[in-house]
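Reviewing the structure listed below.
The values are calculated or read from the model by the stated rules, or taken from the named source; none is laboratory data. What you see is a predicted model; the values in this text were computed from it and never measured. Don't worry about glycine lacking a Cβ; one is built from the backbone with ideal geometry, like all the others, and counts go over all protein chains shown.
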């Protein structure tokens with residue numbers, strides 16, 4: 001069998017011609033997991049520290065370190081704001097997690113989240129021109145319980161070294177309290193990408209999907225499966241952007257969210273869910289199959305599939321129905337099955353299917369925009385502005401039912417989005433620095449180009465080696481063998 005190219009393009013063609021679509025989908029997942037393990041082992045992770053200043057001679061360490069650097073310390077002591085100018089703080093993000101909800105794998109212990117957090121840092125650098133550091137912490141208290149206060153205190157203590165904080169893979173309900181507290185009590189932006197990032201990108205995809213279906217957000221009937229941090233935030237943002245809450249129904253493992261869900265009201269930790277219970281689903285529908293009848297949109301961020309969403313549910317939706325199935329690593333229903341059931345547009349969180357609604361096109365630009373104007377927080381308006389920026393960028397270059405949203409390899413999306421976010425931060429009054437949109441775009445574009453050029457140069461000079469072709473081929477052969485057992 002012909003070996004796959006190093007960039008993994010045309011992956012579907014690498015599998016046997018007699019494979020069904022379901023077998024290909026399963027083999028892809030197994031292949032990517034196997035290759036990820038082997039590649040991380042080969043490289044020893046994927047992030048390293050590289051100096052940004054030269055060493056013309058060893059006496060320069062008297063400048064970069066002691067005694068010269070004393071002037072830097074006392075200057076920052078006298079005015080903390082200059083820390084953004086005299087250190088890397090202004091372009092540095094802490095990726096903080098207690099690793100209690102890592103992708104679809106649950107609690108992986110603190111260090112179990114390093115692969116994901118390093119990945120986040122990798123994407124920030126390459127896509128957004130941002131430096132980032134993975135900080136996986138133990139949030140357990142003396143009782144062995146995951147304590148949100150420990151995360152809150154940790155972030156408040158380290159905030160003085162960073163320009164922003166990206167929270168990641170923190171289980172609910174702790175994630176609600178952690179984000180809401182830190183957004184108000186920190187002097188730098190604190191962003192929860194699993195919640196706000198997912199909501200921003202799904203809203204962007206939904207805006208364009210509704211355009212293609214000739215439907216309006218204000219009167220669309222929307223069903224949401226899953227009531228975790230992602231979907232509750234998605235609901236909050238789409239309602240803030242114009243969706244009618246009376247047309248929204250959401251389901252958790254116990255049924256529909258509505259005003260009669262006293263079990264949610266009784267647990268103060270789930271206050272975000274209770275807020276929604278009082279706004280949505282006025283008919284108190286508890287059966288998702290009933291809710292799906294005539295629905296225009298399904299947004300599922302729930303249990304990995306492929307059978308968490310039923311084909312018969314989709315078949316009862318309205319004409320030109322829109323189905324977002326975003327569980328990782330396997331969507332709640334495979335796109336081909338959703339299409340067979342009548343869906344007009346299907347989106348997932350995976351890059352090997354059309355219409356990837358993935359946070360990777362959101363957070364690099366959003367954080368870059370916030371960092372450039374030294375924002376004190378990322379408001380919901382900034383997230384909504386980012387969603388419309390992503391949607392507008394995609395619409396300008398052309399959209400269709402198989403291509404509703406920008407992709408990671410469209411380098412122009414990130415400075416475009418960063419500039420729009422920066423302008424919204426200024427408008428919302430949370431920016432320490434003011435600049436024009438052109439200035440913001442130019443700076444973001446230059447920083448992103450610098451990061452990409454540096455990575456390319458390191459590869460060209462052999463400091464970063466290409467992945468061994470045999471490693472890729474072995475992972476492929478193993479996946480095919482597993483599926484055909």
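Check segment 155-163 and report whether any residue there is out of contact with any helix residue (DSSP H, G or I) (no Cβ under 9 Å at 6 or more places or on another chain), surrounded by fewer than 17 Cβ atoms within 10 Å (Cβ to Cβ), modelled with pLDDT of 95 or more and more than 24 Å from residue 80 (Cβ to Cβ). No.
Within segment 473-485, can you find the residues that are within 28 Å of residue 121 (Cβ to Cβ) and in contact with a helix residue (DSSP H, G or I) (Cβ under 6 Å, 6 or more places away or on another chain)? It would help to see each step written out before you state the result.
Pass one, segment 473-485, residues within 28 Å of residue 121 (Cβ to Cβ): 474-476, 479.
Selection gives 475, 476, 479.
Determine, yes or no, whether residue 424 is buried (at least 21 other Cβ atoms within 10 Å of the Cβ) and either more than 18 Å from the chain's Cα centre (by Cα) or without any contact (Cβ under 8 Å) to a residue 24 or more places away in the chain (or both). Considered against the rule, which asks whether it is buried (at least 21 other Cβ atoms within 10 Å of the Cβ) and either more than 18 Å from the chain's Cα centre (by Cα) or without any contact (Cβ under 8 Å) to a residue 24 or more places away in the chain (or both), residue 424 comes out as yes. Among the residues of segment 366-405, which ones are more than 21 Å from residue 443 (Cα to Cα) and in a loop (DSSP other than H, G, I, E, B)? Answer for segment 366-405, where residues must be more than 21 Å from residue 443 (Cα to Cα) and in a loop (DSSP other than H, G, I, E, B): 379, 398, 399, 401, 402, 404, 405. Whether any residue in segment 61-82 is modelled with pLDDT under 90, in contact with a helix residue (DSSP H, G or I) (Cβ under 6 Å, 6 or more places away or on another chain) and either loosely packed, with under 14 Cβ neighbours inside 10 Å or under 26 Å from residue 134 (Cα atoms) (or both) is what I want to check. Looking for residues that are modelled with pLDDT under 90, in contact with a helix residue (DSSP H, G or I) (Cβ under 6 Å, 6 or more places away or on another chain) and either loosely packed, with under 14 Cβ neighbours inside 10 Å or under 26 Å from residue 134 (Cα atoms) (or both), one finds none in segment 61-82, hence no.
Report yes if some residue within segment 257-264 is in contact (Cβ under 8 Å) with a residue 40 or more places away in the chain and either buried (at least 24 other Cβ atoms within 10 Å of the Cβ) or over 29 Å from residue 414 (Cβ atoms) (or both); otherwise report no.
In the first step, residues of segment 257-264 are kept if they are in contact (Cβ under 8 Å) with a residue 40 or more places away in the chain; the result is none.
No, segment 257-264 contains no residue that is in contact (Cβ under 8 Å) with a residue 40 or more places away in the chain and either buried (at least 24 other Cβ atoms within 10 Å of the Cβ) or over 29 Å from residue 414 (Cβ atoms) (or both).
Could you please find all residues in segment 344-354 being more than 14 Å from the chain's Cα centre (by Cα) and surrounded by fewer than 23 Cβ atoms within 10 Å (Cβ to Cβ)?
Restricting attention to segment 344-354, the residues satisfying the condition of being more than 14 Å from the chain's Cα centre (by Cα) are 344-347, 352-354.
The answer is 344, 352, 353, 354.
In summary, helices (runs of 4 or more DSSP H) completely within segment 20-123 and bearing 2 or more residues that are over 26 Å from residue 136 (Cα atoms) and without any contact (Cβ under 8 Å) to a residue 12 or more places away in the chain occur at 61-64, 70-78.
Within the set 112, 106, 90, the sole residue that is at pLDDT below 95 and either more than 19 Å from residue 421 (Cβ to Cβ) or surrounded by fewer than 23 Cβ atoms within 10 Å (Cβ to Cβ) (or both) turns out to be 106. Working only within segment 334-365, note down all residues that are farther than 18 Å from residue 213 by Cα, in a loop (DSSP other than H, G, I, E, B) and in contact with a helix residue (DSSP H, G or I) (Cβ under 7 Å, 6 or more places away or on another chain). Answer for segment 334-365, where residues must be farther than 18 Å from residue 213 by Cα, in a loop (DSSP other than H, G, I, E, B) and in contact with a helix residue (DSSP H, G or I) (Cβ under 7 Å, 6 or more places away or on another chain): 334, 352, 353, 358, 362.
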